[in-house]
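Q: Got a structure for you, written out below as structure tokens; questions coming shortly.
The values are calculated or read from the model by the stated rules, or taken from the named source; none is laboratory data. In this text, all values refer to a predicted model and were calculated from it rather than measured experimentally. Methodologically, a virtual Cβ is constructed for each residue, glycine included, from the backbone with ideal geometry; neighbour enumeration extends over all protein chains shown. Side chains included, ligands, DNA and RNA excluded: accessible areas come from the protein's heavy atoms. Shrake-Rupley method; radii C 1.70, N 1.55, O 1.52, S 1.80 Å.
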Amino acid sequence: MRGKRVRIRAKGRIFEGIALPSEDGKIVLKLDNGYNVGFYDYEILEEEEFEVPEVKLPAVKEREGLKNVKVISTGGTIASKVDYKTGAVTSQFTAEEIVSDIPELAEICNISAELLYNILSENMRPEYWITLARRVYEAIKEGYEGVIVTHGTDTMHYSASALAFMLRTPIPVVFVGAQRSSDRPSSDAAINMICSAHTALSDLGEVAVVMHATTSDDYCHIHRGVKVRKNHTSRRDAFESVNYPPLGRVWSDGRIEWIAERFRRGERELQLFDSLEEKVALIKYFPGLTPEILEFFHDRGYRGFVIEGTGLGHVSTDWVDTVKRVAEDSLIVMTSQCLWGRVCDRVYDTGRYLLKAGVIEGEDMLPETALIKVMWLLGNFELEEARELVKKNLVGEINYRSGYEEEFE
């Protein structure tokens, strides 16, 4: 295979680098500083062909004395690189390539890697969560000290919540992703993976998300899987714990500072509850939205609803009659689009009417977590029992201590 190094003039400047595959008459160069630039209007000044050596990835060898960790790849940016023909980021790396690309992992643990899915996270589906939960369950039964799930960041908090409800785990199950693809100089993939490996060997005994805590490469936060949310489109510290502190901080050298109460390794026995009811709707209320949307879903067989209400958990008063009819054979949970804080429908008249109509307060649950919880409850329990269990803190999704999150800085 042959490559080409070129020197061009474009936009009144001189650029030099390796020509990458491109189309539509443009040229894309990988500059010596690692960044990529593309131009349509350019003049080639010099070009030189060279032989590109074939690169073989080193095999991941097991080292005596190190503990074993399972890495299950589902795709996403952490397993992606830029397709220079289209300019798009696509999921292309296998799990083995991720591990081989970060040699520090070989000093932390023995990695057994497998590719379960190779998709971007917007393509996740409830049926994929079930398959993932079953595979993690099997990996734990096989004796691994920890499990790492590489995942796209956009819906990672949904998947982490799904596994937190479906799986009672005695060991760490760590979701990790990247905001920048692995072939970019600003990628956060390596540090996130290294920190997730240390977390996978830690004293944790629950599902967590490990991602950059700041925009710098200093440390990562360990977030509870049912209390974390992606709150920025592109920053490396996009993930935040909401209404509960991060469980801890983890550095790439293996140091861990625990911050909040957590499930410990070995505290719970391994159990799998792998049923989900897919016909559950998450509805974001806005001024003027009519209750017909509830009837629309209800008429199509939906029996689970999570509403993102305003403030303390409100919708328009003209929803009350419809809510009452739908709630007769459905589970309706009220959350807040404010995210921080808790729902309380006892302060204003509208909230009291909604409670009387059959709405259940979602406490301080994130709307996404409440959605997953209702899917899981309706998939595993009868309606009346689900109505009672949705009020209870099952896996750390509800924090009854108001203001606790404000103690974390």
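Q: Those residues that are within 20 Å of the chain's Cα centre (by Cα) and without any contact (Cβ under 8 Å) to a residue 24 or more places away in the chain, I need them from the range 232-265; list them, please.
A: Result: His232, Thr233, Glu240.
Q: So Arg401 clears everything in (1) closer than 27 Å to Ser275 by Cα; (2) free of Cβ contacts under 8 Å to residues at least 12 places away in the same chain except one condition, right? Which one?
A: With (1) closer than 27 Å to Ser275 by Cα; (2) free of Cβ contacts under 8 Å to residues at least 12 places away in the same chain applied to Arg401, the lone miss is (1).
Q: Select from the range 27-78 the residues that are outside any loop (DSSP other than H, G, I, E, B) and either modelled with pLDDT under 75 or within 28 Å of the chain's Cα centre (by Cα) (or both) and list them in ascending order.
A: Once the filter is applied, which keeps residues that are outside any loop (DSSP other than H, G, I, E, B) and either modelled with pLDDT under 75 or within 28 Å of the chain's Cα centre (by Cα) (or both), the range 27-78 yields Asn36, Asn68, Val69, Lys70, Val71, Ile72, Ser73, Thr74, Gly75, Thr77, Ile78.
Q: Looking only at the range 308-317, which residues are closer than 14 Å to Gly358 by Cα and assigned to a loop (DSSP other than H, G, I, E, B)?
A: Across the range 308-317, the qualifying residues are Gly313, Val315.
Q: Right, here's the next one. Take the residues of the range 195-223 that are modelled with pLDDT under 95 and among the β-branched types (Val, Ile, Thr): which is nearest to Leu270 (Cα to Cα)?
A: Thr214
Q: Among the candidates Val320, Val395, single out the residue that is among the β-branched types (Val, Ile, Thr) and assigned to a loop (DSSP other than H, G, I, E, B).
A: Only one candidate passes the filter, namely Val395.
Q: Of the residues Arg236, Arg265, Arg249, which single one is within 18 Å of Ala164 (Cβ to Cβ) and crowded, with 17+ Cβ neighbours inside 10 Å?
A: Of the residues listed, the single one that is within 18 Å of Ala164 (Cβ to Cβ) and crowded, with 17+ Cβ neighbours inside 10 Å is Arg265.
Q: Does Thr317 satisfy being surrounded by fewer than 18 Cβ atoms within 10 Å (Cβ to Cβ) and of a type in the set (S, T, N, Q)?
A: Against the criterion (surrounded by fewer than 18 Cβ atoms within 10 Å (Cβ to Cβ) and of a type in the set (S, T, N, Q)), Thr317 qualifies.
Q: Hey, does the range 128-141 have a residue that's touching a residue at least 24 places away in the same chain (Cβ under 8 Å) and not in a helix (DSSP H, G or I)?
A: no
Q: Here is a follow-up. Testing Phe305 on (1) open to solvent by 10 Å² or more (accessible area, probe 1.4 Å); (2) assigned to a strand (DSSP E or B), one condition comes back false. Which one is that?
A: (1) is the only condition that Phe305 fails.
Q: Against the condition charged (D, E, K, R), open to solvent by 60 Å² or more (accessible area, probe 1.4 Å) and more than 30 Å from Ser196 (Cβ to Cβ), how does Glu257 come out, does it pass?
A: Spelling it out, it is not the case that Glu257 is charged (D, E, K, R), open to solvent by 60 Å² or more (accessible area, probe 1.4 Å) and more than 30 Å from Ser196 (Cβ to Cβ).
Q: Any idea which of (1) in contact (Cβ under 8 Å) with a residue 60 or more places away in the chain; (2) over 26 Å from His157 (Cα atoms); (3) basic (Lys, Arg) is the one Lys324 doesn't satisfy?
A: Only one criterion in (1) in contact (Cβ under 8 Å) with a residue 60 or more places away in the chain; (2) over 26 Å from His157 (Cα atoms); (3) basic (Lys, Arg) is unmet by Lys324, namely (1).
Q: If you go through the range 242-279 one residue at a time, how many are under 30 Å from Gly301 (Cα atoms) and of a type outside the set (Gly, Ala, Ser)?
A: 8
Q: Still on this structure, I have one more. Show the residue pairs that are 6+ apart or on different chains and have beta-carbon atoms under 6 Å apart, the first residue being within the range 15-26 and under 14 Å from Leu45 (Cα atoms) and modelled with pLDDT of 70 or more, the second being open to solvent by 40 Å² or more (accessible area, probe 1.4 Å) and assigned to a strand (DSSP E or B).
A: Once the first residue is under 14 Å from Leu45 (Cα atoms) and modelled with pLDDT of 70 or more and sits in the range 15-26, its partners that are open to solvent by 40 Å² or more (accessible area, probe 1.4 Å) and assigned to a strand (DSSP E or B) give Glu16/Arg7; Gly17/Lys30; Ile18/Arg5; Ile18/Lys30; Ala19/Lys4.
Q: Going by the structure shown, is Asn123 touching an Asp or Glu at 6+ places or on another chain (Cβ under 6 Å) and either under 17 Å from Leu163 (Cα atoms) or modelled with pLDDT of 90 or more (or both)?
A: Spelling it out, it is not the case that Asn123 is touching an Asp or Glu at 6+ places or on another chain (Cβ under 6 Å) and either under 17 Å from Leu163 (Cα atoms) or modelled with pLDDT of 90 or more (or both).
Q: State whether the residues of the range 328-342 include one that is over 25 Å from the mean Cα position of the chain (by Cα), surrounded by fewer than 24 Cβ atoms within 10 Å (Cβ to Cβ), part of a helix (DSSP H, G or I) and in contact (Cβ under 8 Å) with a residue 12 or more places away in the chain.
A: The answer is no; no qualifying residue exists.
Q: A further question follows. Go through (1) on the phi < 0 side of the Ramachandran plot; (2) within 28 Å of the chain's Cα centre (by Cα) for Ala357 and report which single condition fails.
A: Answer for Ala357: the failing condition is (2).
Q: Would you point out which residue out of Ser161, Ser216, Ser234 is over 21 Å from Glu257 (Cβ atoms) and in a loop (DSSP other than H, G, I, E, B)?
A: None of the other options fit; the residue is Ser234.
Q: Can you tell me which residues in the range 268-302 are over 22 Å from the mean Cα position of the chain (by Cα) and either aliphatic (A, V, I, L, M) or surrounded by 14 or more Cβ atoms within 10 Å (Cβ to Cβ) (or both)?
A: Within the range 268-302, Arg268, Leu270, Tyr285, Leu289, Pro291, Ile293, Leu294, Phe297, His298, Tyr302 qualify.
Rundown of residues vs (1) more than 23 Å from Asn231 (Cα to Cα); (2) in contact with a Leu (Cβ under 8 Å, 6 or more places away or on another chain); (3) in contact (Cβ under 8 Å) with a residue 12 or more places away in the chain; (4) not in a loop (DSSP other than H, G, I, E, B), yes/no style:
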position: Glu267; (1), (2), (3), (4): yes, no, yes, no
position: Glu278; (1), (2), (3), (4): yes, no, yes, no
position: Val347; (1), (2), (3), (4): yes, yes, yes, no
position: Arg352; (1), (2), (3), (4): yes, no, no, yes
position: Leu355; (1), (2), (3), (4): yes, no, no, yes
